[in-house]
Structures are given as structure tokens and as C-alpha cells.
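Input: a single structure, listed below in C-alpha cells.
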Amino acid sequence: MKKISGILLLMMTTLSLQAQRIERIQFNLYTDSLKKGTHNYINVDGKMSDGSWRPMTQKELKFSSDYGKFDGNSLVLPDEPSVKKVAITISLKDNPRMTQDITIWIKQKPDPPLPKYETNAPRRRR
């Protein structure tokens, strides 16, 4: 009887410890455009078989684009890109048929200058 209950306990534990499968991958971008001359983090989440979402990295995904170069999850663009938008494709390494595509525009206008901080101005209390 102890042997049977031990085997049942082991089987139940093994079933509950099975790795979660990735059912879907999805872009979850923090911005609506890419910046020139910098690393642009491309955030991708995966929906697991238990319904939870988990961030994905280059360990699970293959990143490719029609312009620029990937460094991990970051797309690196030159200071003066020759294109106005970039098409990005991600695919799951364990299942290359699971892919997502997105086109992201490159920001064209420069950032405005930061406001100057006056050292003589009184400090606000918190």
C-alpha cells in the first residue's frame, strides 16, 4: 500500500511540475516610434498554457528586421538611418511557425532641449 501511494504521489508531483508551453507571442511596445542612434528595446510577452504572461528574451525568440541590427531584445539603429520605418519579425525558437510581425516608424524630429534648471530658484518643499 505504501508503495502504491508513493507511486501515485510521485506521478501527481511530476504532472504538476511539467513546463509551461508558450501558446502565443505578442509585441508589447513601450513607445510608438524608434529612436535614431540608440538601442530600442523590443518588448515581447508570451502567453503561457496556464493563462499567465511572461516576458520573452532572445533565449526563447529569434529577432529579425529589414534594417538595423539586434543586440538581444534591442534593435540598434544608426544616427542617420536611410529608412523611415522598420519591419520586425519575431519567431519562437521552439516553434518557428509561431511568428509575429510589426512595422515601427523611426522618429524623425529631434527631441526638444531639456528645460534649464535654475540654481538660484527656491526649492519646493515636499
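Data for the structure
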item	result
Test result for residue 96, within 21 Å of residue 24 (Cα to Cα), out of contact with any Leu (no Cβ under 7 Å at 6 or more places or on another chain) and either not in a loop (DSSP other than H, G, I, E, B) or not polar (S, T, N, Q) (or both)	yes
Hey, residue 92 more than 19 Å from residue 32 (Cα to Cα) and touching a residue at least 60 places away in the same chain (Cβ under 8 Å) or not	yes
Residue among 83, 76 that alone is over 17 Å from residue 27 (Cβ atoms), surrounded by 12 or more Cβ atoms within 10 Å (Cβ to Cβ) and either of a type in the set (S, T, N, Q) or touching a Lys or Arg at 6+ places or on another chain (Cβ under 8 Å) (or both)	76
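The numbers here are math on the coordinates, done by the rules we state, and not lab data. Model, not experiment: these values are computed from the prediction. Glycine gets a Cβ as well: all are built from the backbone with ideal geometry, and neighbour counts include every protein chain shown.
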